[in-house]
Each structure stands twice: as C-alpha cells, then as structure tokens.
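A.B. asks: Starting off with a structure, shown below.
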Amino acid sequence: MNSYFRAKVLSNTPLNANTFLLILQPVEQVREPVPGQFYMIETGSSYDPLLKRPFSYLRRTPEGIQFLYSIRGKGTRLMRDFQPGKNVQAIGPLGNGYPKAGTRNTPVLIAGGTGVASIFSLAAQLPSKAYILYGARCNEDLILLNEVKELEHRDIVCIDCTDDGSCGMKGTVIDALNELIATDFSRIPSPLLYACGPRPMLESLSQIAREKELKGYVSLEEHMACGFGACLGCTVSTVKGNKRVCKEGPVFPIREIVW
Amino acid sequence: MVRELSVALGKLKLKNPVMTASGTFGYGEEYAQFVDLNALGAVVVKGISLKPMEGNPSPRICETSCGMLNAIGLQNIGVKKFLKEKLPYLRQFDTKIVVNVFGSTVQEYLRLSKMLDDAGVDGIELNVSCPNVKKGGIAFGTDRKVLARLVSTVKKAVKNAVVITKLSPNVPSIPEFSRTVEEAGSDVISLINTLPGMAIDIETRKPKLANVTGGLSGPAIKPVAVRMVWEAARSVAVPVIGIGGIVKTEDAIEFMLAGASAIQVGTGNFINPRATVEIAQGIATYLEKNGINDIKDLIGKLHVF
C-alpha cells in the first residue's frame, strides 16, 4: 500500500464558473480513506508552484477518488487544465478524519461552500437519522445540492441556505443553525456537530457550541507544505498547545480550538 | 561492479552522501511510511532545545516562486522527550543519527551537546543560523568571535559525536566564517541555512507570514547555495555538507562537484517524500553511467575554466 502514489486523471469537470470535480484513478495499490481525510495533489511538474495542494476527498468509488476544488490561485488554475489521462502524483489519505458518532447521538452536519466535500464524505456513510445544513453564497455555489437532497431518502434532514437567498433559506449556515436551535433542537437527541467551511463560519459555530454547550468537531484548513506532519507549517492553537492540522487534524473537537 | 558510495564526515562514515535537512524530516518517523530509513546516509532531526518550544503563530509558511518561506520558530519537543521517545525509534535503523541543536546561550548549546553525546548520537549539528527566532540561532552565526567561542566550547566537551556547524548564508564572507569554525574545532561544516525573506499579500496589505519575515528555501536558493558551498570547500580542509534546494539527483551531483562531501535534502522532502532515496539511487546510477568507481572521485572535481 502506497501513501505516495501515481494517479491518472479520469475526469475534470466544471460544476460552476469556479468549482471543479476532479476524479483521480490511482495506478497503484493505495490505502482507503475515511471521511474527513485529505490528499496532497501535485498541480504541475515544474517548480512553480512548488508544493502540492491539500484537498478533502468527496467520494471514493471503485473507479477513483473524487475531489472538489475551487480556483483560488496558481495551483488550482493549473489544475483547471488537467486533461483526462494526465499523470499526477498524490499523497494520502492523510489526517485523522471524523470520529464516529455514538449510537445515541444525532449527527448535525454543517457545510459551508466547498467544505461540503469533506462533510459529504461523512454524510454518505451515516447509518441513521441526521441533519445536514448546507450553505453557500448563492444558488450556483450550492454545487452538491442534488446529491445532498438525495440523502433525504435515508432519513437525513437537509436544510439549504444561501447568503443572497437565491436558493433555500436566506442567510448563512450559522443563521440556519440558530433557527434550528430556536425551533426543533430540543427534540433532537444528543446532537453532535460536524462542520467544515470557511474559518469565520467555524469560529461563529464554536461560539454557539460554547454557549449552548454543544459537542462536535470542526475540520480546519491551513496552508501546508508537506501534509504529513514534518514541516510544522500548519499548526493551530488549541487548549492543549499547538497541533498540526495535517496530522492531529484536520478534524478537531470544536471546543479545543483557540480562535 | 559495486560502486563505492560511502563518504566520510571526519570520523563519521556514511553509507551514502544523502542526509536529510533539519526541520524537514521531523524526527524520522513521519517519513517511515514513504522511505526505508536504512537507505539513508544519515537522518538529521528537527532542531532540539533544552526546553520544549511552541514556535511562532500561524501562518508560518507561504509558497513563493520556486521556493517557500517558513517561520516555524524552532518548535520542538525538547531534549528530554527527544531522548526518551524519538531516539529509541531512530536507533532501530541502520543509519547515522545527527541531532540539530540550538540554544540562547553558549551554556545551553554546551549542555544539550553533552546530553546528546552521552546518549550516543552520531553527530551534533550546531544551528547558528536560524533566521526566525530573536534569541539564539543566527545571533551566534553572524559574529565570528561569538561563533568561535561557541564551537570551541562544544567541541571540547563532546567526546564521540562529530560536531557539525551549520553556517548562515547571511554573513559577509563565507570563506572567513568557514575558516573561523574550522579553527575553532568544528569537524564538519554544513551550509546553507535558509535565506531571510518576505512576501506580502497585496489585497490585505499584510505580510504572508505572521512572523513578517521568514527563511527562503527550495530550488530558488540553489545557485546561491552552490556558490557558497564551493567557497567554503576551497577555504577549509574539513568536510563540507551541501544544503539548499536539492530536489533531484542532478542537484546533489552539482553540490558534490562544488566540493560537498555529503548533501542534505530539505524542502525537496515536502514535494516528494521519497526524494532522499531516489537521489541515493540516482547517484549510484550516475556513477555507473560515468564509469566512476568511487563517489569520492566526484567531490570537488569541478573543472574551472
């Protein structure tokens, strides 16, 4: 089993103006990921950009590993031009992944923007009743809305929202969570939060968690050079000292993070 | 035909010239899933201090053209925990163990070096060149008198381990500083550490590192490093270890031709976690191809016009 492996680009499809679905097919034996884990993906063969980029996996199917990425900089702009058949080097699966919920817990999943990739990897494996709150800036950015809605067949309540109100509830996922707390929450047995999204969203969430004494986990994002614990570039402050997002994370107990 | 790949760093014999650069290889175990540590000449672990250090706030790294800036701030677990938890792990492997050390006083360097020497490590690399902490590190590396006192104090106290001094590129004259540490008794000289640098986000107008400045590494610094290794190697008799932007075999050969007896792979490990072993294999292939029986016939064999 190789953690550093070669893969072929199977497809690279735009989902909206800025977001792509990339499917990589490993051409050697690889380890299987658990929800919340990530991979470092090579964006080019030159020295500029030099470093691989970290991406949560969205789905693992027999044909390959699926990733969502948004164009943000030099690396992702190069990825946009990935053609099927191209060889890329990748490292993974990396990080810890989401801890499993107890049998009495009701998972409440909260996804902001492309954070939905990591959350979806978890949602797809949930055995029982759960909630998923999915928000983005606008309608077009709710890229996985159909897939998320399909989870409703499995007793997963889906609440979608957009900042501009172009789809679902108008507001952020934090607004949606506050709304849920104000209405149905007391009827949800032992809610356990799982969240991935922009840092301000996670920070607001941790405040709510503290106020309402909720337990749960957040998946963090940080610039990283290696992805496997060596460079110490991606540390985050926690109540237990500095921790590496790539190694002890990316998933941390929500109340452990010092924002 | 079996090619001779071993090199000598003073009394320390390496099975091949490939070492890891401090701060890029953790304590070795982080790479065990990618490489057979037995295949390396030596593992140089993350810099160790007497007490554990938390390091700098984030963001600590940022990518630049063909390189990266880092300001980790020497985060480490401290010597006690290293001896108890990390050293026994590394001892399982048939490779040499070099520990990079730093302190904020000469006494701290001395105590650390003695502890590690007593514990039986193969080499002690004095970090006198970290650009990312206010006290210690570079403050010792840029003043020749202080540097000489530090090196000679440590050298006198260390019985078995080879003493390596890691030079800063941030000095007015590499030949002068190389001779200074040689005269002070350093068994080996390694260079270069990162070059101080800075990058700014023009949208937020903030520096890209919380520490504002950081150390530049990666292929971007290689030509500077090759030049400095060449200058050092022709100025001293002690062996020189070449560091700076080594990513592939050709880079390693270049440094050896410039006079390096061994090389360290740093940022290259982040790009390709198997870089060290691939370079070790690549060097063997290069010798084969060029009909060179002993790698020592490559060291410093630059043809100057």
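The values are calculated or read from the model by the stated rules, or taken from the named source; none is laboratory data. What you are looking at is a predicted structure, and each value in this text was computed from that prediction instead of being measured. As a convention, Cβ positions derive from the backbone with ideal geometry for all residues, glycine included, and neighbour counts pool all protein chains shown.
A.B. asks: Do any strands (runs of 3 or more DSSP E) lying entirely in the range B:159-235 carry at least 1 residues that are among the polar types (S, T, N, Q) and surrounded by fewer than 24 Cβ atoms within 10 Å (Cβ to Cβ), and which ones are they?
C.D. replies: Qualifying strands (runs of 3 or more DSSP E): B:213-217.
A.B. asks: Just to be sure before I move on: is A:ALA111 modelled with pLDDT of 95 or more and assigned to a helix (DSSP H, G or I) in the structure I sent?
C.D. replies: No.
A.B. asks: Would you mind listing the strands (runs of 3 or more DSSP E) fully within the range A:182-259 where at least 2 residues are within 13 Å of another protein chain (Cβ to nearest Cβ) and either crowded, with 16+ Cβ neighbours inside 10 Å or more than 17 Å from the chain's Cα centre (by Cα) (or both)? Write out each step before concluding.
C.D. replies: On the way: elements: A:191-196, A:215-219, A:235-238, A:241-244, A:251-253.
Once the strands (runs of 3 or more DSSP E) in the range A:182-259 are filtered for at least 2 residues that are within 13 Å of another protein chain (Cβ to nearest Cβ) and either crowded, with 16+ Cβ neighbours inside 10 Å or more than 17 Å from the chain's Cα centre (by Cα) (or both), what remains is A:235-238, A:241-244.
A.B. asks: How many residues are of a type in the set (A, V, I, L, M) and in a loop (DSSP other than H, G, I, E, B) when one looks only at the range A:114-167?
C.D. replies: 5
A.B. asks: In the range B:112-132, what residues are in contact with a Gly (Cβ under 8 Å, 6 or more places away or on another chain) and of a type outside the set (Gly, Ala, Ser)?
C.D. replies: Those that are in contact with a Gly (Cβ under 8 Å, 6 or more places away or on another chain) and of a type outside the set (Gly, Ala, Ser): B:LEU112, B:ASN127, B:VAL128, B:CYS130, B:PRO131, B:ASN132.
A.B. asks: Still on this structure: Cβ-Cβ below 6 Å, separation at least six or inter-chain, first residue in the range A:19-48 and under 16 Å from A:PHE82 (Cα atoms), second part of a loop (DSSP other than H, G, I, E, B) and basic (Lys, Arg): which pairs?
C.D. replies: Pairs that qualify, where the first residue is under 16 Å from A:PHE82 (Cα atoms) and the partner is part of a loop (DSSP other than H, G, I, E, B) and basic (Lys, Arg), are A:MET40/A:LYS52; A:ILE41/A:LYS52; A:GLU42/A:LYS52.
A.B. asks: Condition (residue is over 24 Å from B:ASN70 (Cβ atoms) and surrounded by fewer than 24 Cβ atoms within 10 Å (Cβ to Cβ)) applied to the range B:267-278: is it met by at least one residue?
C.D. replies: Within the range B:267-278, none of the residues are over 24 Å from B:ASN70 (Cβ atoms) and surrounded by fewer than 24 Cβ atoms within 10 Å (Cβ to Cβ).
A.B. asks: Follow-up. Kindly check whether there is at least one residue in the range B:238-248 that is in contact with a Lys or Arg (Cβ under 8 Å, 6 or more places away or on another chain) and surrounded by fewer than 24 Cβ atoms within 10 Å (Cβ to Cβ).
C.D. replies: No, the range B:238-248 has no match at all.
A.B. asks: Which residues, taken from the range A:98-121, are under 20 Å from A:GLU222 (Cβ atoms) and buried (at least 22 other Cβ atoms within 10 Å of the Cβ)?
C.D. replies: A:TYR98, A:ILE110, A:ALA111, A:GLY112, A:THR114, A:GLY115, A:VAL116, A:ALA117, A:SER118, A:ILE119, A:SER121
A.B. asks: Please verify whether the range B:35-53 includes one or more residues that are out of contact with any Leu (no Cβ under 9 Å at 6 or more places or on another chain) and acidic (Asp, Glu).
C.D. replies: Among the residues of the range B:35-53, at least one is out of contact with any Leu (no Cβ under 9 Å at 6 or more places or on another chain) and acidic (Asp, Glu), which makes the answer yes.
A.B. asks: Also: If the requirement is being out of contact with any helix residue (DSSP H, G or I) (no Cβ under 7 Å at 6 or more places or on another chain) and in contact (Cβ under 8 Å) with a residue 12 or more places away in the chain, which of these qualifies: A:LYS247, A:LYS212?
C.D. replies: A:LYS247
A.B. asks: Here's a follow-up. Which of the residues belonging to the range A:168-181 are assigned to a loop (DSSP other than H, G, I, E, B) and at pLDDT 95 or above?
C.D. replies: A:GLY171, A:THR172
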